[in-house]
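The values are calculated or read from the model by the stated rules, or taken from the named source; none is laboratory data. The model shown is predicted, which means the values in this text are computed figures rather than measured ones. Cβ: placed from backbone, ideal geometry, glycine included. Neighbour counts: every protein chain shown. Only protein heavy atoms, including side chains, enter the accessible area calculation; ligands, DNA and RNA are left aside. Shrake-Rupley method; radii C 1.70, N 1.55, O 1.52, S 1.80 Å.
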Amino acid sequence: QRAALLKVEAKERATAEAQAEQLRALRLTFERRAGEHGVLYGSVTSLDVAEALKEKGYEIDRRRIVLRDPIKEMGDFT
């Protein structure tokens, strides 16, 4: 049973690594209103990222998208 579990984990890891490689090349753009100092009048959250990914054909649970904090200013983020 342990061998079967390890096989499932290895398959999940391979799938996740392949998906990660695809996502590395992906660029998402979010439009928000911003003040004169580049501070957004709303933020970009993990839910926003999950929805943008879904529009591009990726089904990723928003709980698996980790942002230290919601994005609240203009700029490029990895």
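Shown here for the chain: GluC sites (Glu not before Pro) in loop regions (DSSP other than H, G, I, E, B) with at most 11 other Cβ atoms within 10 Å, namely Glu31, Glu36, Glu59. The longest stretch of the chain left intact once loop-based trypsin sites (Lys or Arg not before Pro) with at most 15 other Cβ atoms within 10 Å are removed from consideration, loops following DSSP, is 1-26.
Viscosity 1.002 mPa s, temperature 20 °C: what is the translational diffusion coefficient of the chain from Stokes-Einstein with a Kirkwood Rh over Cα pairs, rounded to a whole number of µm²/s?
Working: Rh = 14.7 Å.
For the chosen part, D equals 146 µm²/s.
Taking 0.36 nm per residue of sequence separation and removing the Cα-Cα distance, the Leu23/Glu73 pair yields an extension gain of 15.7 nm.
Carbon-plus-sulfur accessible fraction, the chain (probe radius 1.4 Å, protein heavy atoms only): 48%.
Just how large is the dipole of the chain about the Cα centre, in debye to the nearest 20, putting +1 at every Lys and Arg Cβ and -1 at every Asp and Glu Cβ?
On the way: 15 positive and 14 negative charges, 72 e Å.
Taking the Cα centre of the chain as origin, the dipole is about 340 debye.
Note that region 24-39 has calculated 3J(HN,Hα) couplings of 4, 8, 7, 10, 10, 10, 10, 9, 9, 6, 9, x, 5, 9, x, 8 Hz, one per residue in order, obtained from phi through the Karplus relation 6.51 cos²θ - 1.76 cosθ + 1.60 (θ = phi - 60°); glycine and proline are x.
How much area per residue is accessible in the chain when the probe is 1.4 Å and only protein heavy atoms are counted (Å²)? Walk me through the numbers before you get to the answer.
On the way: 7130 Å² over 78 residues.
Here the residues of the chain average 91 Å² of exposed surface.
Placing a pseudo-label 7 Å from each Cα along the Cα-to-Cβ vector at Glu31 and Lys56 gives an inter-label distance of 1.8 nm. The C-alpha atoms of the chain define a longest principal axis, and helix 46-55 lies at about 70 degrees to it.
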